[in-house]
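A short worksheet on the structure shown next.
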Amino acid sequence: MVKHSNIKVATADLESLYRIFTVAEAPDSTLGQIEREISENLAGFLNERIVARAVSLADIERDFSCSGMPEKPTFVSEHTQFLLDKLVANSVHTAAPSFIGHMTSALPYFMLPLSKIMIALNQNLVKIETSKAFTPLERQVLGMMHNLVFEQNDDFYQTYMHSESDSLGAFCSGGTLANITALWVARNNLLKADDQFKGVNRAGLFPALTHYGYNGLAVLVSERGHYSLAKAADVLGIGRDNLIAIHVNGEHKVLVDEMRQAANELEKQNIKVMAIVGIAGTTETGNVDPLNELADLAQSLNCHFHVDAAWGGATLFSKKHKALLKGIERADSVTIDAHKQMYVPMGSGLVLFKRPELASEIEQHAEYVLRKGSKDLGSHTLEGSRPGMAMLVYSALKVLGRQGYELLINRSLKQAQYFADLINQQSDFELVSKPELCILTYRYVPKAIQTLLASADETLQAVINEKLDDLTRFIQKCQREAGKSFVSRTRLSSQVYSNQTITVFRVVLANPLTTEKILQDVLAEQAKLAQLSQFALPELAQLLKERQVNHYQ
Ligand SMILES: *Cc1c(COP(=O)(O)O)cnc(C)c1O
C-alpha cells in the first residue's frame, strides 16, 4: 500500500529524504492535483496550463538565470508550483490541433499511464540483467518493424529475432542516432578486418584508408537531406564536406543522374562512396526520393544504401499509400522515428538492418556486461543505458494495429491534399510544394504580385521574392507570438523562380485532431496578419505601382 502524506523534504535530514523514496504526495497536494488533472482531462490540462501569450525568450531566461546550486531542499509542492508557473505555462502546446508546424503532435491517452509504468520499473535496456523481459520485447518490436519494411518470411524472423550474434536493428533516442548508427555500420563493413588488417573499428580511420588504398570516403544525399547526416559524417571521421549534397528536381526528389555523375567524379579521385542515402519523406517538403533507382545506383557502386525514413516510414502501414516508398525494401538500412508518425512520446527512433549480420561490425563487448554470446542489446547500440521505450512502441503497435495506423496515415495524407486545394483556391496564397505525404509549403503572395512575378525577369523576381521573404517571416512570427496557431517556416530553392531561395510556411498535417475548419482559420489569420506588416506589404504595393506606371509609359 502506498502511503500518502505531505512530504517535508525542505529540511536536509535523512529521515525526510527516505520518505521521498517511499511515500507519494497526498492526493490534495499540488502534485497530487496535477496528477489527477492529467489523468482525468489531459486536453484540459494542456489547454489551461500552457498559456498562449507572447512572452519573449529573454523574459523566460530570467526565470532560469540563477546558476547557484540549490543549497537547501525544497518542498515538492512548492517546486511543482514553480514548474507550473514558469515552465509548463511557457512551454509549447505541441498537441494543439492548430499547431501544424511541427512533426510532434498529440499522443494517444494510454501513453501517459503506460509511461508511468515504464518510469516506475526503470529498466535499463543496455543489458538483460537490468531489463529481462524488456529485451525480448524490444527485439520483437525490431522484428515487427523489420517485417513492415523488408517482409522476410517466418523462418527468417524465427532465426534472427532473438539471435545473440545478429541484430535486426537498433533502438535509439531518435532519427539522428539511427542515421549515425546506420552510417557507422556502413563504414565498418566497408573497412572491415581481413588477413592483413584489424578493421577500422580497431585500427582507426587513417590506417583503414591506407590499407584499402582510398584517399577518403564520401556519402551522397539530396540537398534536402537532414542535418543529422552531417553530424554522422562528422563523428564518423568522414568529414562534413564529404557529405555531398545532390540537387533535387521540381518535386524535391534527388536527381539520380547527378548523383551517379558525382559518384563517378569521386571515384576518379579515389574517394570511395561509402553510402548513398535516399530520403523517404524529406523533413522540409515530405517528398520521397526514387528509391528503386537509388538502390540500382548503390548496387552498381557497390556501396551501402541507407534510407532515411525517419518521417515517412510509417506510410508503410497504409496499404493504400505504401507504394510511395517502393524500393525501400532494397535498402541495407532504414531509419524510422516512432516519435513522429507513430505517435509515441519523444525519444524513440530505430534503425533496421536488412541483413542481420551487418550489425556485427559495430558489436562491442565488455567484461562485466555485454559478454560475448549474451543477448544484451547494448552490444549493438551506440547508446549505453537506455529506457524501455520499446514498451511504448509495442503498445502503440498493439493498440492501434496496422489497420489503425493505416487510418491515421490515410487521414493525414487526405488532409494535406485538402489543405493544398484550399491554398490553391485562395487568390492571395501560393502553394510552393505539393504534398506527397502530409507535409506541404506555401506562402502569402497577393494576387497582383503573383501576376507581376509571373511576367517578371529574374532580377525583378529576386527583388520581389526578397520582400515576400520579409512578409512570410513577419506573418509567421506574429502568428507564433499570438499563440493561437503555429506553422513553421523554412527556406527552399524554387525551380519556378530560377532556383532562387525563398522563405515559405511549412505545414505538417499529422495531428488527427486537426479539422478543416482549423486549416481555414490558419489561412484567414495569416491573410489578416499580412495587412499589419508595416514594411513588406507597403513596399510590394509601391513596387507594383511603379511597374504599372512603367507599363503604361
Ligand atoms: C526528424 C528527422 C530526422 C532526425 O530525427 P530526430 O528524431 O530529430 O533525431 C532525420 N531525418 C529525417 C528525414 C527526419 O524527418
Checklist outcome for this item: Highest mean packing first, using Cβ neighbours within 10 angstrom, the peptides 481-487, 134-140 sort as 134-140, 481-487
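Compare the peptides 149-157, 394-402, 346-354, 328-336 by average per-residue count of other Cβ atoms within 10 angstrom and give them in order, highest first.
Values: 149-157: 13.9, 394-402: 16.4, 346-354: 24.1, 328-336: 26.1.
Ranked by mean Cβ neighbours within 10 Å, highest first: 328-336, 346-354, 394-402, 149-157.
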Item to check | Estimated [θ] at 222 nm from DSSP helical runs (n ≥ 4, -39500 (n - 2.57)) normalised by residues in the chain, nearest 500 | outcome: -13500 deg cm²/dmol
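Given the peptides 203-214, 173-184, arrange them by the average over their residues of other C-beta atoms within 10 Å, most packed first.
Values: 203-214: 15.0, 173-184: 24.1.
Answer by packing, highest mean first, reads 173-184, 203-214.
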Next on the checklist: Can you tell me which aspartates and glutamates have their Cα less than 15 Å from the Cα of LYS434? Leave out same-chain residues fewer than eight positions away.
Outcome noted: GLU251, GLU284, ASP289, ASP421
Checklist entry - Any idea which of GLN299, LEU255, HIS339 is furthest toward the positive side of the dipole for segment 167-359, if Lys and Arg beta-carbons carry +1 and Asp and Glu beta-carbons -1? => result HIS339
Item to check | Within segment 207-329, percent of DSSP bridges classed antiparallel, to nearest 5 | outcome: 10
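Before anything else, pin down the relative contact order of segment 14-108: Cα pairs under 8 Å, at least 6 apart, normalised by residue count, whole percent.
It rounds to 29 percent for segment 14-108.
What percentage of all Cα-Cα pairs in segment 404-552 are separated by more than 19 Å? The partial results should precede the final answer.
Values: 5882 of 11026 pairs.
Tail of the P(r) past 19 Å holds 53 percent of the pairs.
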Next on the checklist: I'd like the FRET efficiency for LYS319 and LEU532, computed as 1/(1 + (r/R0)^6) with the beta carbon distance as r and R0 of 51 Å, rounded to 0.05.
Outcome noted: 0.65
Checklist entry - Mind checking the dipole of the chain: about its Cα centre, +1 per Lys or Arg Cβ, -1 per Asp or Glu Cβ, Debye to the nearest 20? => result 540
Next on the checklist: Please list, by residue number, everything in segment 79-97 whose backbone N is under 19 Å from a paramagnetic label point 7 Å out along Cα→Cβ of SER16.
Outcome noted: 79-83
Item to check | Anisotropy class of segment 288-403 from Cα gyration tensor, a/c 1.5 cut | outcome: oblate
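When a/c reaches 1.5 or more, the comparison of a/b and b/c decides; with that in mind, is the chain rounded, prolate or oblate per its Cα gyration tensor? Numbers along the way, then the final one.
Values: a/c = 1.87, a/b = 1.10, b/c = 1.71.
Cα axes put the chain in the oblate bin.
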Item to check | Cα lying deepest toward the dipole's positive end in the chain, options SER533, SER39, VAL496, charges on Cβ | outcome: SER39
Next on the checklist: Along the charge dipole of the chain, pointing to its positive end and built from +1/-1 on Cβ of Lys, Arg, Asp and Glu, which listed residue (LEU190, LEU229, PHE99) has its Cα farthest out?
Outcome noted: PHE99
Checklist entry - With a sphere of radius 10 Å drawn around the Cβ of VAL221, what net charge do the other residues whose Cβ falls strictly inside it have (Lys, Arg +1; Asp, Glu -1)? => result -2
Checklist entry - When the Cα centres of segment 218-293 and segment 407-471 are compared, how far apart do they sit, in Å? => result 27
Item to check | Gyration tensor (alpha-carbon) shape descriptor, segment 14-108, a/c threshold 1.5 | outcome: oblate
Item to check | Qualifying aspartates and glutamates (Cα of each under 19 Å from Cα of LYS192; at least 8 residues distant if same chain) | outcome: ASP166, ASP332, GLU357, GLU361, GLU363
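All of the numbers you see were taken from the coordinates with simple rules; none came from a lab. The structure displayed is predicted, hence computed values, not measured ones. Heads up, the Cβs are rebuilt from the backbone with ideal geometry, glycines too, and the neighbour counts pull from every protein chain shown.
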